[in-house]
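Presented below is the structure to which this report refers.
The values are calculated or read from the model by the stated rules, or taken from the named source; none is laboratory data. The model shown is predicted, which means the values in this text are computed figures rather than measured ones. Positions of Cβ are generated from backbone atoms using ideal geometry, with glycine treated the same way; all protein chains shown enter the neighbour counts. For accessibility, only protein heavy atoms count, side chains too; no ligands or nucleic acids. Shrake-Rupley method; radii C 1.70, N 1.55, O 1.52, S 1.80 Å.
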Amino acid sequence: MADDLGDEWWENQPAGADRSPEASDDEGGGDPEMMQQETAPVPALSKKTEQPKECFLIQPKETKEDATKTRRRRKKKITDVLAKSEPKPGTPEDLQKLMKDYYSSSRSVIELEELNLPDSCFLKANDLTHSLSSYLKEICPKWVKLRKNHNEKKSVLMLIICSSAIRALELIRSMTAFRGDSKVMKLFAKHIKVQEQVKLLEKRAVHLGVGTPGRIKELIKQGGLNLNPLKFLVFDWNWRDQKLRRMMDIPEIRKEVFELLEMGVLSLCKSESLKLGLF
């Protein structure tokens, strides 16, 4: 009887159907555990597992020590650039531009135009091939005659302006061949009181003055130095200190230079009684 039922079941299956026993087990339910293993979906990886961005994007906080090292490195890089760059001689245009930039925020257009100096007031600039003595001989070939005729006290014929007392002493030593018997006076603040310099200028005629703009300004304010007899004003323009800064690269010195120029120097230049040189 069982065999008859089995034959009848086989005969009732549609044509093309899989009549194997395994097929009947799948359709009839089969083993539940086997079905679960075969049909269970594989769990997808979470996004955090695929892209662990946060652990890589966190940057350590910069400490004060790191910031200091960074600033030091930047300063060294600037120095390296200046050390490798070729030195260029100063020109009258450099002085004019620095003056305009300095006063541009505090002066009107008309006042800025008044600061312009005629080209005729500038002497030939040093092309970096001269010593101080050779440069002064070139711009003032009649120096001996000038100094012999100068006997006015509280004044000088030539002013050489530099950035420090040490540099002033170096310049005085390097101009021996030019100065000859000229009376030279140190016009800086280091170890010398302004009252002492005023007394020295009152006692005798001085031909050359070498110093810093700050002390020269103070002497003018106190009436110890008269600029009217001045014939030459020379800036120690191209020399660089240990930090590779020129005189006009130092903000304090630049400020004092421009203030000194406005204390009668500009008007003397425009009247063509005073000449400017860039050493």
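Counting DSSP beta bridges in the stretch 99-251, what percent are antiparallel, to the nearest 5? Antiparallel bridges make up about 10 percent of those DSSP assigns within the stretch 99-251.
Based on protein heavy atoms only, the stretch 180-249 ends up with 48 Å² per residue of surface accessible to a 1.4 Å probe.
Would you mind putting 265-276, 223-234, 98-109 in packing order, based on average other-beta-carbon counts within 10 Å, highest first? Spell out each step's value before the answer.
Numbers: 265-276: 16.8, 223-234: 18.3, 98-109: 12.2.
So the order, starting with the most tightly packed, is 223-234, 265-276, 98-109.
Across the stretch 112-121, coupling constants 3J(HN,Hα) worked out from phi with the 6.51/-1.76/1.60 Karplus curve, θ = phi - 60°, read 5, 5, 5, 7, 5, 9, x, 4, 5, 7 Hz, and Gly and Pro carry x.
Could you please state how large a percent of the accessible area of the stretch 82-192 is carbon and sulfur, counting protein chains only and using a 1.4 Å probe?
Working: 3500 of 6560 Å².
Solvent-exposed carbon and sulfur of the stretch 82-192 make up 53 percent of the total.
Suppose we take every Cα in the stretch 88-278 and form the convex hull; what volume per residue is that in Å³? Intermediate results must be reported in sequence, preceding the final value.
Working: hull volume 23.1 nm³, N = 191.
With only Cα atoms used, the stretch 88-278 gives 121 Å³ per residue.
Count Lys and Arg as plus one, Asp and Glu as minus one, and take only other residues whose Cβ is under 13 Å from that of Phe122; the net charge is then -1. Just need the relative contact order of the stretch 88-278 here, percent rounded to a whole number, with Cα pairs under 8 Å and 6+ apart. Computed over the stretch 88-278, the figure is 28 percent. How far apart, in nanometres, would the label points at Ser104 and Lys153 be if each is projected 7 angstrom from Cα along the Cα-to-Cβ direction? So the label points at Ser104 and Lys153 sit 4.7 nm apart.
In this structure the amide hydrogen of Val206, modeled in the peptide plane, comes within under 5 Å of the amide hydrogens of Lys154, Ser155, none closer than 5 places in sequence on its chain.
Restricting the trypsin sites (Lys or Arg not before Pro) of the stretch 111-202 to loop positions (DSSP other than H, G, I, E, B) with no more than 10 neighbouring Cβ atoms within 10 Å leaves Lys142, Lys193.
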